[in-house]
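Below is one structure, written out as structure tokens; the observations come after it.
The values are calculated or read from the model by the stated rules, or taken from the named source; none is laboratory data. Bear in mind that the values here come from a model prediction, so they are computed numbers and not experimental data. Glycine gets a Cβ as well: all are built from the backbone with ideal geometry, and neighbour counts include every protein chain shown. When the accessible area is computed, the model is the full protein with side chains, heavy atoms only, and any ligands, DNA or RNA have been set aside. Shrake-Rupley method; radii C 1.70, N 1.55, O 1.52, S 1.80 Å.
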Amino acid sequence: MDTSSRSGVEDHGDAGNTSADDASAAGEPRAGRAAAGGRGAGPSAAAPPRGWRRFAMDTRPLRRPAYRRLWSSTIVTAVGSQLTAVAVPKQIYDITGSSAWVGYASLAGLVPMVVFALWGGAVADSVDRRKLLLVTNTGIAVTSVLFWVQAAAGLDSVAVLMVLLALQQAFFGLNSPARTASVARLVPEEELPAANALGSTVMQTGLVAGPLLAGALIPVVGLPELYLIDALALCATVWAVWRLPALPPLDGGRAPRRAGVREVVDGFRYIGMQQVLLLSFVADIIAMVFGMPRALFPQMAEETFGSYGPEFALGLLFAAIPVGAVIGGLLSGTFSRARRHGWMVIGSVVGWGLAVVGFGLTSNLWVAVACLAAGGVADMVSMVFRGAILLSAATDEMRGRMQGVFTVVVAGGPRLADVLHGTAAAGAGTRWAVVGGGALVVLLTLGLAVLSPALRRYRV
């Protein structure tokens, strides 16, 4: 269950007191800055850092008050969202004793998320994104409260859980495009990679710390309280969005805006006309569909790494990629100032494929973890620059729809990979399923770079 729609807060005065920096970053005119395009402030005047600081995380976007508010509570809500992500499948398994029902619940959340992410992108391009974020974040918080109510009341109803999960993911689908598209209105274009790295690092940290905290809390406070903690954390998110500047369409409402099927279709047509956007999506699909071997982790923990202890090995395998992503984020100063965004995507996806090949070839658990962690670093770089391309290459009136498609690709790719790798492993074995998938990622990405020069030539 993807709950990465949580965003942040910092207390700097009343909601109505929008600073000049906030206003100009939101795409409003200010002397010395171009409002057209809504990409925030002009180029940073600060000199590049020297010494060890050039390797550390690039924190320039945190100087922007609006972005800082949006980001800071993510530190809390990234962990809180993972408490619910653990609690829902745990509760379903406790009720049914069946892993199949856990899988059905995942599907129940996927379908509304896909539908509402595509529609939510069109909505985000037609309304004030701040207002949309207020509505959807409030909806997600209310859903978490309802999760707590049903658990505390002891309903033990899988149907209720699946309905609430579908509702939560529908709100997430509406929320995610608006939240991500808003970043380009809060920071200047040259800081988009750094802003993406900051956000992704916090979310990946939540993927590591959240499940560990959930495992520690369930025996102490009980499962219902995990939902309540998440709901309380979401209050910070709603407060953060309340204090953002207005983010209306840049035409000032002069042109009529709709958010129907035609507008969703227009988004796909736009992708087809903007080759660099299409190629960035294709690169991600290649990486995730052919190169994400997580479905094989349980079998490999038993068969390949069983001598280390199956449960111990399984925990390390699942943790390795997010840990690597966090390391990549903490060292994002090494790459966040790069201007050849296309080459960064190509290189990082190839690096991901090579890391997967290395993982498949080894029977040493620690080498396998190191390979997956290296893949996590490469995946972080890929996420940073694919996100930057989507925000910089698309016009503001299309950014919401681009982020809607991006949400679907990010959520759907790994699920397709689960099916593909599971089927391939049944016929060829886990080793060759993993190695073959990683090799395909390398070959297809290099072929994409050779045959489609638009991506490798893209720079800011």
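Summary of values
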{"item": "Some residue of region 311-331 being of a type outside the set (D, E, K, R) and within 24 Å of L451 (Cβ to Cβ)", "result": "no"}
{"item": "Qualifying positions in region 310-319 - surrounded by fewer than 16 Cβ atoms within 10 Å (Cβ to Cβ) and either in contact (Cβ under 8 Å) with a residue 60 or more places away in the chain or in contact with a Leu (Cβ under 9 Å, 6 or more places away or on another chain) (or both)", "result": "F312"}
{"item": "L354 being touching a Lys or Arg at 6+ places or on another chain (Cβ under 7 Å) and either at pLDDT below 95 or open to solvent by 10 Å² or more (accessible area, probe 1.4 Å) (or both)", "result": "no"}
{"item": "Number of the exception - R415 against (1) surrounded by 21 or more Cβ atoms within 10 Å (Cβ to Cβ); (2) under 16 Å from the mean Cα position of the chain (by Cα)", "result": "(1)"}
{"item": "Counted residues, region 126-143 - those being closer than 25 Å to G222 by Cβ, of a type in the set (S, T, N, Q) and modelled with pLDDT under 95", "result": "0"}
{"item": "Residue within region 182-191 that is hydroxyl-bearing (S, T, Y), under 24 Å from F385 (Cβ atoms), open to solvent by less than 10 Å² (accessible area, probe 1.4 Å) and in a helix (DSSP H, G or I) present", "result": "yes"}
{"item": "Residue list for region 107-136, restricted to those being more than 30 Å from D418 (Cα to Cα) and assigned to a helix (DSSP H, G or I)", "result": "V123, A124, R129, R130, K131, L132, L133, L134, V135"}
{"item": "For I389: the one exception among (1) more than 30 Å from L278 (Cβ to Cβ); (2) in contact with a Gly (Cβ under 8 Å, 6 or more places away or on another chain)", "result": "(1)"}
{"item": "Verdict on T143 being in a helix (DSSP H, G or I), of a type in the set (S, T, N, Q) and surrounded by fewer than 19 Cβ atoms within 10 Å (Cβ to Cβ)", "result": "no"}
{"item": "Verdict on A178 being open to solvent by 10 Å² or more (accessible area, probe 1.4 Å), farther than 19 Å from P65 by Cβ, among the hydrophobic types (A, V, I, L, M, F, W, C) and assigned to a helix (DSSP H, G or I)", "result": "no"}
{"item": "Residue match in region 431-450 (condition: more than 21 Å from L110 (Cβ to Cβ) and outside any helix (DSSP H, G or I))", "result": "no"}
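Yes or no, residue by residue, for (1) open to solvent by 20 Å² or more (accessible area, probe 1.4 Å); (2) not polar (S, T, N, Q):
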| site | (1), (2) |
| --- | --- |
| L247 | no, yes |
| E263 | yes, yes |
| Q274 | yes, no |
| L277 | no, yes |
| F290 | yes, yes |
| Q299 | yes, no |
